[in-house]
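Participant: Sending over a structure as structure tokens; questions will come in a sec.
FYI, it's all coordinate maths here, none of it is from the lab. Note that the coordinates shown come from a computational prediction; the quantities given were computed from them, not determined experimentally. Here the Cβ positions follow ideal geometry from the backbone for every residue, glycine too, while neighbour counts run over all protein chains shown.
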Amino acid sequence: MNQIFLYASIFIGFLMLLAMFRAIAGPSILDRLVGANAIGSLTIPLLLLIGLLFHNVEMFIDIALAYALLNFIAVIASAKYFKKKKGLFDEP
Amino acid sequence: MNIVVTVLLAAGLFFFLVGIIGIIRFPDFYSRMHPAGMLDTMGLLLSMLAIAVYILFDHFSYLSVFSSLKILLIVIFVYITSPIASHAIMDAGVRAGLQPWTREDLTKEET
């Protein structure tokens, strides 16, 4: 069972690299937000899988819950910060 | 019971994979929000369900019941906040005047 969790967490890590591509290459700032939001959503199960691998799940559940809160607040704050008219994307 | 966990986890990872591929391949910011939303909801639900089931049936005790309930709390919380976050990003995009991608843009890109 541990093998399955190990392979799953490695797969999630690989997916985060793909999401990192969108966060880096995203043409506009908002695409980078989408990439950051995707990475945030991927870390929650990754944390739990690591907790399972370390056989100490209770601590990691709280960490994952706190991270879900922080990810939400980060996205809301950056979306509110980027509410300005110009400069978000390269005007045609 | 392990089979159930592996099937659920595989399904969750499948939705993560599809969501991430959608985020990379889609041409426009607005169309990329669709798989991003799918990533949060379906993928997270299935993988968290898999972990909760595994914890519950690994060693059945009060602690594991509370742990799996806390995991379901995470899922419920993300289900409530993920649409709000997507809406906030979308609103920032619309307010900035980002025009959605259309078929003309496709022909413009190809020529």
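Participant: Take every Cα pair under 8 Å in the stretch B:2-110 that's 6+ residues apart, average their separations, divide by the length, and report that relative contact order as a whole percent. Kindly include the intermediate steps, with their values, before the conclusion.
Facilitator: Working: 90 pairs, mean separation 31.3, N = 109.
The value is 29 percent.
Participant: Provide a whole-number value for the mean count of partner chain Cβ atoms within 10 Å of the Cβ atoms in peptide B:98-110. Walk me through the intermediate numbers first.
Facilitator: Values: counts 5, 3, 0, 0, 0, 0, 0, 1, 0, 0, 1, 0, 0.
Mean shielding by partner chains, rounded to a whole number: 1.
Participant: Sort B:56-63, A:49-56 by packing, meaning the average of other beta carbons within 10 Å per residue, with the highest value first.
Facilitator: Numbers: B:56-63: 11.9, A:49-56: 16.8.
Listed from highest to lowest mean packing, they are A:49-56, B:56-63.
Participant: Another question, then. ³J(HN,Hα) across the stretch B:56-69 via Karplus (A = 6.51, B = -1.76, C = 1.60, θ = phi - 60°), whole Hz, x for Gly/Pro?
Facilitator: With the stated coefficients, the stretch B:56-69 comes to 5, 9, 6, 9, 6, 8, 4, 4, 6, 5, 5, 4, 5, 5 Hz.
Participant: Still on this structure, I have one more. Can you give me the relative contact order of the stretch A:2-84 as a percent, contacts being Cα pairs under 8 Å and 6 or more apart? Please report the intermediate quantities before stating the final value.
Facilitator: Numbers: 70 pairs, mean separation 23.0, N = 83.
About 28 percent, as a whole number.
Participant: In addition: Provide a whole-number value for the mean count of partner chain Cβ atoms within 10 Å of the Cβ atoms in peptide B:63-76. Kindly include the intermediate steps, with their values, before the conclusion.
Facilitator: Details: counts 2, 2, 0, 2, 7, 2, 1, 6, 7, 0, 3, 12, 2, 0.
Per residue, the number of nearby Cβ atoms from other chains is 3 on average.
Participant: Once every Cα of chain A carries one equal point scatterer and solvent is ignored, give the base-10 log of I(q)/I(0) from the Debye formula at q = 0.16 Å⁻¹, two decimals.
Facilitator: Evaluating at q = 0.16 Å⁻¹ gives log10 I(q)/I(0) of -0.72.
Participant: May I pose another question? Determine Rg/Rh for the protein assembly as shown; Rg is computed over alpha-carbon atoms and Rh is the Kirkwood hydrodynamic estimate from the same atoms. Each step should come with its number before you reach the end.
Facilitator: Numbers: Rg = 18.2 Å, Rh = 17.6 Å.
Radius of gyration relative to Kirkwood radius: 1.03.
Participant: Now for a different question. What does the extension gain come out to for B:F77 and B:R95, with contour length at 0.36 nm per residue minus their alpha carbon separation?
Facilitator: Length gained, B:F77 through B:R95: 3.8 nm.
Participant: Dipole of the stretch A:2-84 (Lys/Arg Cβ +1, Asp/Glu Cβ -1, origin at the Cα centre): which of A:N37, A:L6, A:G26 lies farthest to the positive side?
Facilitator: A:G26
Participant: Can you pull the one-decimal nm distance between simple spin-label points at A:E58 and B:F66, each 7 Å off the Cα toward Cβ?
Facilitator: 0.6 nm
Participant: State the extension gain, in nm to one decimal, for the chain segment bounded by B:M1 and B:H87, taking 0.36 nm per residue of separation less the distance between their alpha-carbons. Kindly include the intermediate steps, with their values, before the conclusion.
Facilitator: Numbers: separation 86, 0.36 × 86 = 30.96 nm, distance 3.81 nm.
Stretched out fully, the B:M1 to B:H87 stretch lengthens by 27.1 nm.
Participant: Could you give the radius of gyration (one decimal) and Dmax (whole number) of the Cα atoms in chain B, in Å?
Facilitator: So, for chain B, Rg and Dmax equal 18.6, 65 Å respectively.
Participant: Per DSSP H run of at least 4 residues, take -39500 (n - 2.57); add these up for chain B, divide by its residues and hand me the 222 nm value, nearest 500 deg cm²/dmol. Present the calculation step by step, with values, prior to reporting the outcome.
Facilitator: Working: 5 runs with 91 residues, N = 111.
Helix-only estimate at 222 nm: -28000 deg cm²/dmol.
Participant: Another question, then. Hey, can you rank B:42-55, B:9-22, A:12-25 by average C-beta count inside 10 Å, highest first?
Facilitator: Numbers: B:42-55: 23.1, B:9-22: 19.9, A:12-25: 16.6.
Ranked from most to least packed, the peptides come out as B:42-55, B:9-22, A:12-25.
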